[in-house]
Amino acid sequence: MALLEVRGLAVSLGGRSRLEDLAFSVADGEILGVAGASGSGKSLTALALSRLLPASARTSGSVRLDGRELLELSEAAMCEVRGRGIGIVFQEPATALNPLLAIGTQVEETVRVHLKVSRAEARARALATLGRVGLDPARIPPERYPHELSGGQRQRVALALAVALAPRLLIADEPTTALDVTTQAQIVELIASLAAREHMGVMLISHDLAMLAGVADRLLVLRDGARVADGATTSLLGRPPDPYTAALVRAFELPAAAAPRRVAGEVLLEARGIVREYVTPRRGFFGRAPMKRAVDAVSLSVRGGERVALVGESGSGKSTLARTLLGLDRADAGEVWLAGERLLAGGARPQRALRRLMQAVFQDPYGSLNPRYRIERIVAEPLGLLERAPGRAERAARVAAALAAVGLGAAAAGRYPHEFSGGERQRIAIARALVLEPRIVILDEPTAALDAALRAQVLALLGELSAARGLAYLIVSHDLGVVRAVADRMLVMQAGRIVEEGATAEVLSAPRHPYTQALVAATPSLDRALAARRSGNGHP
Amino acid sequence: MSAAAALRRDLGLGLAAAVGLAVLLAAIASSAGAFDAGLALDIDARLAAPSWLHWFGTDALGRDVLALVAAGARVSVGVALAAVATGLVIGVPLGLGAAVLGGVADELASRFGDLVFAVPSLLLAVLLAATLGPGPGDAVVALGVFNIPVFARVARGQARVLLGRDFVLAARLAGKGRLSLAFAHLLPNLSGGLIVQATIQLALAISAEAGLSYVGLGAQPPAPSWGRMLSEAQTLAAQAPWLVWFPGAALCLTVLAFSVLGERLRDHLDPRAGG
């Protein structure tokens, strides 16, 4: 008998059906990958199984864990199941932990809530659990607080909380999405080894097909709350049985940039020895606040029509550098030159003509559009940089042209941001960047908040726009797939310095700096993962 | 959909609008002297229980409580609205300016707020009364000054959160100066929180006016206010409980109506709520 047996699971929220007739199972020690676009019902399934949905949700069907029907249990009995029967890890480790409790104490509390054991015994068990997730108490003291740990270590603590009571089933909902590439690989490996060692069933929810290809035994593909495909990972991804799964796979494997350009034009944007320092929190009550160099003497240049990527992990200083290049932050030292003129930080007014040449697209399409404005006003905003404000008709025409360039109809202009999906919002943000017809656009993680299918669409759009208009890009990203798809040249940044630089294809195929090598090796590739699985050494 | 149909569809809003309208009419009517007959002293009818002649009963001086409640609306609601408006008009630009300018300006505005909070509004009202002579104007100024840092803090806090959002960066790239950033981008996004805070402050101001009247610093006798009616009723509450019921109910209903209306206004201004 399977460990988890789901039959005819249906969920409706606010009168709308969100999951329909879902059936699947997870065996002892098996890793079931759950894939699908955002909004397909992946997370909803996890919440429905653990009965964590809001009270207004209607759930029907059958969920059996070790033969016990969960949907009929009382809330008190269910509390017992969560923890001892089912362990859960969510996406964001920063919010899953209590910031005021030391990590050892947090795990200890979890043990004491569920088991009637003495404090000493709970402590011993907590320390053993931290050891199981690779936080050896001898190296990482359990007296540390969450803010003293890295993102990966915090996710390990979250994992320790989930497995402290040796649950039969572990549900991991996008456990690596908030982490850097090199850390992602380690966390996935840890989950796989826990499953194998402790005969724990795992439901691993992710939009990252390459990651799933590496560890999942079977795969469940969801679309709009219904099952599209279900089967062994290698055969399902190697030869997708249905058009939807095939499209997911295609969207995930981004093509390399069409004919990388060797641009010989004049230098458009140049940074000379940029330094940016921050005050870090003071140590102790009387200690002096030390300074941290976020950007350490960086120089770079982008030529007209060239597409350059700036790659690095979170905290490497790449976003700070991008803001300084845009003139939003003042550099502590160094200069930014745009089209042969020095760009001054601060107010854009005095250098309007220069500012018109450079625009930006930001990471979060939910935060980058003012929720109180209609799209027309949002897209038209940069027109304020013109010497003379355009008339109403000209303004509408320019907004419509910009919206058309990103594939949105003129009707969009009269609507508000919340009426659009994440992918459409990012198109609107791109339209805003294009309305002045700039020569260079700086994009800060333009696809990080989008799922694979939308990411592929936005990247294709960026490729078309640069080809049609000779637009130069500086793309800040941590995703090497994105970099490969759009950049002619790439710069690798680590701890505030640029450590490697070269043509994208060359750097990716033969990285020289150890950091770039680690980055390339850790980047999940669907083809590589599948090949490894077929030769039988993919599963740790 | 017509306004009347909207009111029928939504009972809460309809009642709130009715209370608001009644308070407004009472204030206007009392300025026109409509209640003067009821406010006349009538020693024979002192402390009469509610009856057909005096619906809300009479007070210790034989004045009609219904007339007192209606006439009191002018001072109570007028002082509260004026005090909150003062806080909004001065406090919000102050808080927005502090958030957008940062540095020394922020420090000065915040310390000014701390200073005002440290001076009780009662003390301020005493000082004003000593220089200007007592009257409802003192209450408005004293409560208004007290409201300035309240709104300044709400505006500053929310504005600082919004300043970290990417749409603010996009606006700066589009050449927006600090002032237009504050008023064109931040203010519309602050309105929800400010409206909610304003309804809370209105309720507080109505009761604070009562406190000031009690010590003789607000409305001067015989001008009635709900606060003074409540404080005068204290010693008589056991004999004549209607002296507490009616001004108390008027105060509660008005505060409730303000918060319903404020909530609707907030939803109406937010495109996401579909209002």
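The values are calculated or read from the model by the stated rules, or taken from the named source; none is laboratory data. Note that the coordinates shown come from a computational prediction; the quantities given were computed from them, not determined experimentally. A quick note on method: Cβ atoms are made from the backbone with ideal geometry, for glycine too, and the neighbour counts reach across all protein chains shown. Heads up: the accessible areas ignore ligands, DNA and RNA and are worked out on the full protein's heavy atoms, side chains in. Shrake-Rupley method; radii C 1.70, N 1.55, O 1.52, S 1.80 Å.
Cβ-Cβ distances below 7 Å connect the following pairs, each with a first residue in segment A:78-104 that is part of a helix (DSSP H, G or I), a second residue that is basic (Lys, Arg), and a separation of six or more residues or different chains: A:Met78/A:Arg51; A:Pro93/A:Arg154; A:Ala94/A:Arg154; A:Ile103/A:Arg144. Filtered by the rule that a residue be hydrophobic (A, V, I, L, M, F, W, C) and either in a helix (DSSP H, G or I) or without any contact (Cβ under 8 Å) to a residue 60 or more places away in the chain (or both), segment A:185-211 gives A:Ala185, A:Ile187, A:Val188, A:Leu190, A:Ile191, A:Ala192, A:Leu194, A:Ala195, A:Ala196, A:Leu209, A:Ala210, A:Met211.
Would you list the helices (runs of 4 or more DSSP H) that sit entirely within segment B:62-175 and hold 1 or more residues that are within 21 Å of B:Leu190 (Cβ to Cβ), open to solvent by less than 30 Å² (accessible area, probe 1.4 Å) and not aromatic (Phe, Trp, Tyr)? Show your work before the answer.
Working: elements: B:65-86, B:92-101, B:103-118, B:121-132, B:136-163, B:166-173.
Those helices (runs of 4 or more DSSP H) span B:65-86, B:92-101, B:103-118, B:136-163, B:166-173.
Residue-by-condition table, conditions (1) open to solvent by 20 Å² or more (accessible area, probe 1.4 Å); (2) closer than 19 Å to A:Tyr244 by Cα; (3) in a strand (DSSP E or B):
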{"residue": "A:Val6", "(1), (2), (3)": "no, no, yes"}
{"residue": "A:Val11", "(1), (2), (3)": "no, no, yes"}
{"residue": "A:Gly33", "(1), (2), (3)": "no, yes, yes"}
{"residue": "A:Gly39", "(1), (2), (3)": "yes, yes, no"}
{"residue": "A:Leu47", "(1), (2), (3)": "yes, no, no"}
{"residue": "A:Leu53", "(1), (2), (3)": "yes, no, no"}
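A:Leu269 meets each of the listed conditions (1) under 30 Å from A:Gly470 (Cβ atoms); (2) modelled with pLDDT under 90 apart from (2). Do the conditions hold for A:Arg427, that is, is it open to solvent by 60 Å² or more (accessible area, probe 1.4 Å), closer than 30 Å to A:Ala453 by Cβ and touching a residue at least 24 places away in the same chain (Cβ under 8 Å)? The answer is no for A:Arg427. Checked against the criteria, A:Ala380 does not count as of a type in the set (A, V, I, L, M), facing chain B (nearest Cβ under 10 Å) and under 29 Å from the mean Cα position of the chain (by Cα).
Only residues that are surrounded by fewer than 18 Cβ atoms within 10 Å (Cβ to Cβ), more than 16 Å from A:Leu300 (Cβ to Cβ) and of a type in the set (A, V, I, L, M) were counted in segment A:496-519, giving 3. Of the residues making up segment B:176-186, those that are crowded, with 18+ Cβ neighbours inside 10 Å and part of a helix (DSSP H, G or I) are B:Leu181, B:Ala182, B:His185, B:Leu186.
The single residue among A:Asp136, A:Asp66 that is within 28 Å of A:Gly33 (Cβ to Cβ), open to solvent by 30 Å² or more (accessible area, probe 1.4 Å) and acidic (Asp, Glu) turns out to be A:Asp66. Out of B:Ser207, B:Ser259, B:Ser213, one residue alone is within 17 Å of the chain's Cα centre (by Cα), more than 14 Å from chain A (Cβ to nearest Cβ), surrounded by 21 or more Cβ atoms within 10 Å (Cβ to Cβ) and among the polar types (S, T, N, Q). It is B:Ser213.
The lone criterion from (1) touching a Ser or Thr at 6+ places or on another chain (Cβ under 7 Å); (2) open to solvent by less than 40 Å² (accessible area, probe 1.4 Å); (3) closer than 28 Å to B:Ala257 by Cα left unmet by B:Ile195 is number (1). Is it true that A:Leu52 is under 18 Å from A:Leu170 (Cβ atoms) and either touching a Phe, Trp or Tyr at 6+ places or on another chain (Cβ under 9 Å) or in contact (Cβ under 8 Å) with a residue 60 or more places away in the chain (or both)? So A:Leu52 fails the test.
Among the conditions (1) within 19 Å of A:Pro446 (Cβ to Cβ); (2) more than 14 Å from chain B (Cβ to nearest Cβ); (3) at pLDDT 85 or above, the only one that A:Ser316 does not satisfy is (3). Contact annotation: residue pairs with Cβ atoms under 7 Å, 6 or more positions apart or on different chains, pairing a residue in segment A:520-540 that is modelled with pLDDT under 80 with a partner that is among the charged types (D, E, K, R) and open to solvent by 70 Å² or more (accessible area, probe 1.4 Å), are A:Pro540/A:Glu189. Scanning segment B:177-197 for residues that are touching a Phe, Trp or Tyr at 6+ places or on another chain (Cβ under 8 Å) and more than 10 Å from chain A (Cβ to nearest Cβ) gives B:Leu194, B:Gln197. Looking at segment A:437-461, I want the residues that are touching a residue at least 60 places away in the same chain (Cβ under 8 Å) and have a partner that is basic (Lys, Arg) with Cβ atoms under 8 Å, at least 6 apart or on another chain. Which pairs are those? Going by the 8 Å Cβ cut-off, the qualifying pairs are A:Pro438/A:Arg356; A:Ala456/A:Arg250.
A Cβ distance below 6 Å, combined with a sequence gap of six or more or placement on separate chains, defines the contacts here; from segment B:68-93, residues that are in contact (Cβ under 8 Å) with a residue 40 or more places away in the chain reach residues that are open to solvent by 40 Å² or more (accessible area, probe 1.4 Å) and not acidic (Asp, Glu) in the pairs B:Val69/B:Phe246; B:Ala70/B:Phe35; B:Ala71/B:Phe35; B:Val75/B:Pro136; B:Val79/B:Pro136. In segment B:159-176, the residue that is nearest to B:Ser231 (Cα to Cα) out of those that are among the aliphatic types (A, V, I, L, M) and more than 10 Å from every other protein chain (Cβ to nearest Cβ) is B:Ala159.
Anything in segment A:430-466 that is of a type in the set (Asp, Glu), open to solvent by less than 30 Å² (accessible area, probe 1.4 Å) and away from chain B (no Cβ under 11 Å)? List them, or say none. Don't jump to the end; show me each part of the working.
Narrowing segment A:430-466 to residues of a type in the set (Asp, Glu): A:437, A:444-445, A:451, A:464.
Pick out the ones that are also open to solvent by less than 30 Å² (accessible area, probe 1.4 Å) and you get A:444-445, A:451.
Within segment A:430-466, just A:Asp451 meets the criteria.
For segment A:352-377, filtered to residues that are without any contact (Cβ under 8 Å) to a residue 60 or more places away in the chain and at the interface with chain B (Cβ under 9 Å from one of its Cβ atoms), the residue that is nearest to B:Gly164 (Cα to Cα) is A:Gly367.
Determine which member of the set A:Ala10, A:Ala57, A:Ala23 is small (Gly, Ala, Ser) and closer than 26 Å to A:Ala196 by Cα.
So the residue among A:Ala10, A:Ala57, A:Ala23 that is small (Gly, Ala, Ser) and closer than 26 Å to A:Ala196 by Cα is A:Ala23.
Going through segment A:447-492 one residue at a time, which ones are in a strand (DSSP E or B) and either of a type in the set (Val, Ile, Thr) or over 16 Å from the mean Cα position of the chain (by Cα) (or both)? Those that are in a strand (DSSP E or B) and either of a type in the set (Val, Ile, Thr) or over 16 Å from the mean Cα position of the chain (by Cα) (or both): A:Ala472, A:Tyr473, A:Leu474, A:Ile475, A:Val476, A:Arg489, A:Met490, A:Leu491, A:Val492.
Within segment A:74-116, being open to solvent by 30 Å² or more (accessible area, probe 1.4 Å) and more than 29 Å from A:His147 (Cα to Cα) holds for A:Ser74, A:Glu75, A:Ala76, A:Glu80, A:Lys116. One residue is enough: does segment A:384-399 have a residue meeting the conditions more than 23 Å from the chain's Cα centre (by Cα), surrounded by 21 or more Cβ atoms within 10 Å (Cβ to Cβ) and within 11 Å of chain B (Cβ to nearest Cβ)? Yes: segment A:384-399 contains one or more residues that are more than 23 Å from the chain's Cα centre (by Cα), surrounded by 21 or more Cβ atoms within 10 Å (Cβ to Cβ) and within 11 Å of chain B (Cβ to nearest Cβ). In the set (1) open to solvent by less than 50 Å² (accessible area, probe 1.4 Å); (2) without any contact (Cβ under 8 Å) to a residue 12 or more places away in the chain; (3) in a helix (DSSP H, G or I), B:Leu25 fails one condition alone, (1). Kindly indicate whether A:Val507 is under 24 Å from the mean Cα position of the chain (by Cα), under 18 Å from A:Val308 (Cα atoms), of a type in the set (Val, Ile, Thr) and at pLDDT 90 or above. Criteria met by A:Val507.
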